[in-house]
Structure formats: structure tokens, C-alpha cells
Amino acid sequence: MPKIKRTEAQMITAVKQMEAGRKAEDVAREVGVSAHTIYAWKAKYGGMDVSEAQEAKRLRDENSRLRKLVADLSLDKEALQSVIEKNGWISTR
């Protein structure tokens, strides 16, 4: 069975329905996911609006991009330092 990707808006709507008093099993059946998934969405999106969830996703993506950039630059620095030391130039360590 193929995995269906839900939007943040759909997930938040389901969480809000559960927070309004509906049973997690009923909301899960309506959305087409398991009750466990609804509880996971609640842990992740509980108390959020759609705009807040989108901002959080944007920040996670930017953080991931910046972490990769730092890792790449650290490798470049190590390579340059080893070349400097190998050639007998001034050591920067």
C-alpha cells in the first residue's frame, strides 16, 4: 500500500479535531491513518497553527542546509591545513 503524504494543514486539522474531544481512533479512521500516527502528529503539531508549522519546517530545512555547509567547510579546512603542514609552511594548529 503506497504511503500518502499529508500536508501540515491536514495533520493540524486532525490534531485539532482530537483536541476538541473526538476520539483518536475516529479521527484516524476518517483521515486514513493509524491512531498511533494521530498521537505522533499531536506530539509534533499540538497547539500549532498551520503558519507556525510551516515556519518550523522552513527553519528545520534551513538548519539542515547550514549543518551540511559547516561540515563541508570543516573538511575543506582540514584538507588545507594538511597541505600547509605537508609543504612545511607555517602551522596553523
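The values are calculated or read from the model by the stated rules, or taken from the named source; none is laboratory data. Since the structure is predicted, the reported quantities are computational estimates derived from the model, not experimental observations. Glycine also receives a Cβ, built like all others from the backbone with ideal geometry; neighbour counts cover every protein chain displayed.
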- Regarding L80, is this residue surrounded by fewer than 12 Cβ atoms within 10 Å (Cβ to Cβ) and at pLDDT below 95? yes
- Item | Answer from V27, V15 - the residue that is in a helix (DSSP H, G or I), surrounded by 19 or more Cβ atoms within 10 Å (Cβ to Cβ), free of Cβ contacts under 8 Å to residues at least 40 places away in the same chain and touching a Phe, Trp or Tyr at 6+ places or on another chain (Cβ under 6 Å) | V15
- Using the structure shown, decide if K42 is surrounded by 11 or more Cβ atoms within 10 Å (Cβ to Cβ), assigned to a helix (DSSP H, G or I) and touching a helix residue (DSSP H, G or I) at 6+ places or on another chain (Cβ under 6 Å). yes
- Odd one out for K86, checked against (1) under 22 Å from the mean Cα position of the chain (by Cα); (2) loosely packed, with under 10 Cβ neighbours inside 10 Å: (1)
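For segment 53-76, indicate whether the set of residues that are touching a residue at least 24 places away in the same chain (Cβ under 8 Å), in a loop (DSSP other than H, G, I, E, B) and of a type outside the set (D, E, K, R) is non-empty. I'd like the intermediate steps shown before the answer.
Within segment 53-76, the first condition is being touching a residue at least 24 places away in the same chain (Cβ under 8 Å), and the residues that meet it are 53-54, 57.
Cutting the leftovers down to in a loop (DSSP other than H, G, I, E, B) gives us none.
Among the residues of segment 53-76, not one is touching a residue at least 24 places away in the same chain (Cβ under 8 Å), in a loop (DSSP other than H, G, I, E, B) and of a type outside the set (D, E, K, R), which makes the answer no.
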